[in-house]
């Protein structure tokens, strides 16, 4: 709903250029005057240059004068837009009529469960659900964001990570609107939330023991992600594993799809450094994959006894090399995907028998699949000359199915499963806005015969597989 209201405000602002005339036509009242912002000069000297900011004081979020000024600005906007209220209601209802408010997302497999979200007409936020093993299993509500939002002016969900055994959920919430998240853990067996409430958490992952969490926190002033902690569920403290001292670098952590490695990345604009811990041994020493170097950007995935490293060393558009986990230093590098001057490798995603490259070529996103058994390369073929495409939820390592998203100027957001062995794409879901007059077909070409607007509102592929 927030996006609709933002678009609505943009539209109605174009109708507000004759406010004074409108005000006079409504009883002759004078147009309201905009609030004047008080100037409080603040001087800053940087490298011998003196800068003066008259409005620096407006950064003081808890200052009553700042809050009063913001309220005055809001009241002024309401007064200026008063005459457009009927138009706002008309536009809002028109936009709402084109949205399927009660809907389910496409379920994705994670461990032994299929996870998805539900939206319900009249509710502001999604409901996070899962089913055990099959879409025909009973639904379990994992988190209801509407319930979390009760009594709050704002509610946003950040991390959402179930433990490997499916019994626990680590999740983060922001009720400030300032991207300031608090970590919680919920027992999905009984619905109880553990007493841990850890502030300013950015990213979080589970170790393989289903009780140890690794998370990154941000600095309270700069919001730079700078500390990496280990926490055992039920403990009243967390252990600081690593602190990034260089103010140019931010931290982020993740666990590999094969559940073998927990990575910690320190990244600046032009340089990265990755450390790792075996996910099966959360108390192990944190080790460096490759020491940071100026202008060397790299990231890492894992499969078997190899690191797959995407690196820009000697490769402006990146290349992919492999290196043994025991000693990933440069002397042990082997070329896996060579540098291509016309193609930028954006990311590499490893599966049991396949590697997936997310690439850019000629301004378009490409998805290339490499069969690791025979080194065969296949690109997913898209149906329109201009589009946007990228990987979707892919939580399973030992699979031949890749999920991706696709949309264009004439094709709404769509979710596909791609069989990496056969090269066949199956449409799972397409964003629909009307349920009337929809054609259901198993042949995509049937929908492509329709005009763009008809295709958008009146055609749906059937789900080809669970």
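Please specify each residue of the range 52-74 satisfying the condition of being touching a residue at least 12 places away in the same chain (Cβ under 8 Å) and not in a strand (DSSP E or B). Steps first, please.
Taking the range 52-74 as the starting set, the residues that turn out to be touching a residue at least 12 places away in the same chain (Cβ under 8 Å) are 53-58, 65, 69, 72-73.
Within the range 52-74, 54, 55, 56, 57, 58, 65, 69, 72, 73 qualify.
Using the structure shown, decide if residue 315 is outside any strand (DSSP E or B), touching a residue at least 24 places away in the same chain (Cβ under 8 Å) and closer than 22 Å to residue 394 by Cα. Outline the logic, then answer.
Numbers: outside any strand (DSSP E or B): yes; touching a residue at least 24 places away in the same chain (Cβ under 8 Å): yes; closer than 22 Å to residue 394 by Cα: no.
No.
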TODO: Return yes when residue 289 is surrounded by 21 or more Cβ atoms within 10 Å (Cβ to Cβ) and either without any contact (Cβ under 8 Å) to a residue 40 or more places away in the chain or assigned by TED's automatic domain parsing to the domain that holds residue 378 (or both) and no when it is not.
DONE: yes
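So, in the range 120-144, how many residues would count as being surrounded by fewer than 18 Cβ atoms within 10 Å (Cβ to Cβ) and free of Cβ contacts under 8 Å to residues at least 40 places away in the same chain? If you could, list the steps in order and put the result at the bottom.
Filtering the range 120-144 down to residues surrounded by fewer than 18 Cβ atoms within 10 Å (Cβ to Cβ) leaves 120-124, 131-141, 144.
So of that shortlist, the ones also free of Cβ contacts under 8 Å to residues at least 40 places away in the same chain come out as 120-123, 131-133, 136-139, 141, 144.
Residues that pass the stated criteria total 13.
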TODO: Take the range 225-264 and flag every residue that is surrounded by 16 or more Cβ atoms within 10 Å (Cβ to Cβ) and either modelled with pLDDT under 95 or not in a strand (DSSP E or B) (or both).
DONE: 233, 238, 244, 249, 256, 257, 258, 259, 260
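The values are calculated or read from the model by the stated rules, or taken from the named source; none is laboratory data. As the structure is a computational prediction, the values presented were derived from the model and not from experiment. For neighbour counting, all protein chains shown are included, and Cβ atoms are generated from backbone atoms with ideal geometry for every residue, glycine included.
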